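S.K.: Here you go, one structure.
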Amino acid sequence: GENVEQHPSTLSVQEGDSAVIKCTYSDSASNYFPWYKQELGKRPQLIIDIRSNVGEKKDQRIAVTLNKTAKHFSLHITETQPEDSAVYFCAATSIDDSYDKVIFGPGTSLSVIP
Amino acid sequence: GAGVSQSPRYKVAKRGQDVALRCDPISGHVSLFWYQQALGQGPEFLTYFQNEAQLDKSGLPSDRFFAERPEGSVSTLKIQRTQQEDSAVYLCASSLVGSHTEAFFGQGTRLTVV
């Protein structure tokens with residue numbers, strides 16, 4: 001089955017700097033990769049996702065890149081702000097006709113220092 | 001409501017007690033997922049419904065765990081004879097389509113077994 005690894009487990013950056021979180025997956029059949037942000041005690045919120053037919057996707061200060069050959073994808077946050085502090089989870093699944101479960105990474109705790 | 005609603009938000013159960021956790025998905029959402037999230041870890045898949053059909057229950061940790069979605073809307077996760085290792089946050093997510101695409105999470109139920 002699918003296995004998702006995520007690094008680093010904790011990340012601390014100065015406000016205004018960039019933050020990068022990297023994930024790898026094992027199942028080449030995976031073709032959908034969402035990223036979730038979870039603030040303490042709150043629900044995970046989808047912040048961006050990418051499908052395997054796209055190499056990069058950007059939404060304001062957040063971008064995700066995907067390298068299918070190497071089976072890794074990354075989240076990039078630019079101009080970080082204190083409100084970006086949270087735990088970020090990557091995930092992988094297949095959304096073809098046959099259902100496949102979503103496998104989450106272990107999470108990255110991001111702290112943005114004012 | 002506009003989002004995924006879960007109840008209760010908090011549940012304290014004595015070891016051996018049965019519990020029932022409820023999930024109200026977004027109206028019209030076809031897919032419904034249950035996850036277990038231990039402290040400091042990513043969500044772990046438990047089970048998946050497409051409408052009223054339970055298509056995948058491979059993540060349920062034991063036969064003490066049972067989930068249903070009889071009318072394809074509200075779902076209930078039942079845990080019988082709770083044990084301390086069942087203590088976790090139980091998250092529900094729903095998606096408009098028959099996959100995890102753009103799935104939205106509820107706030108979860110924090111279960112503590114004493």
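S.K.: Considering each residue of the range A:12-25, count those that are open to solvent by 20 Å² or more (accessible area, probe 1.4 Å) and either within 13 Å of chain B (Cβ to nearest Cβ) or in contact (Cβ under 8 Å) with a residue 60 or more places away in the chain (or both), and give that number.
M.R.: Residues that pass the stated criteria total 6.
S.K.: Output the residue which, of all residues in the range A:26-46 that are open to solvent by 40 Å² or more (accessible area, probe 1.4 Å) and under 23 Å from residue A:10 (Cα atoms), is nearest to the chain's Cα centre (by Cα).
M.R.: Among them, the one singled out is A:46.
S.K.: Further question on the same structure: Output the residues belonging to the range A:62-111 that are more than 14 Å from chain B (Cβ to nearest Cβ), farther than 17 Å from residue A:27 by Cα and polar (S, T, N, Q).
M.R.: A:65, A:78, A:80, A:81, A:85, A:111
S.K.: From the list A:108, A:69, A:65, exactly one residue is of a type outside the set (A, V, I, L, M) and open to solvent by 60 Å² or more (accessible area, probe 1.4 Å). Which is it?
M.R.: Answer to the selection: A:69.
S.K.: Just checking, does the range B:8-24 include any residue being free of Cβ contacts under 8 Å to residues at least 60 places away in the same chain, crowded, with 20+ Cβ neighbours inside 10 Å and within 11 Å of the chain's Cα centre (by Cα)?
M.R.: no
S.K.: Test each condition in (1) out of contact with any Leu (no Cβ under 8 Å at 6 or more places or on another chain); (2) within 11 Å of chain A (Cβ to nearest Cβ) for residue B:59 and report the one that comes out false.
M.R.: (1)
S.K.: Tally time: how many residues in the range B:66-96 are in a strand (DSSP E or B), in contact with a Phe, Trp or Tyr (Cβ under 9 Å, 6 or more places away or on another chain), crowded, with 19+ Cβ neighbours inside 10 Å and not hydroxyl-bearing (Ser, Thr, Tyr)?
M.R.: Residues meeting the conditions: 7.
The values are calculated or read from the model by the stated rules, or taken from the named source; none is laboratory data. Since the structure is predicted, the reported quantities are computational estimates derived from the model, not experimental observations. A quick note on method: Cβ atoms are made from the backbone with ideal geometry, for glycine too, and the neighbour counts reach across all protein chains shown. Just so you know, the surface numbers come from the protein's heavy atoms only, side chains and all, with ligands and any DNA or RNA stripped out. Shrake-Rupley method; radii C 1.70, N 1.55, O 1.52, S 1.80 Å.
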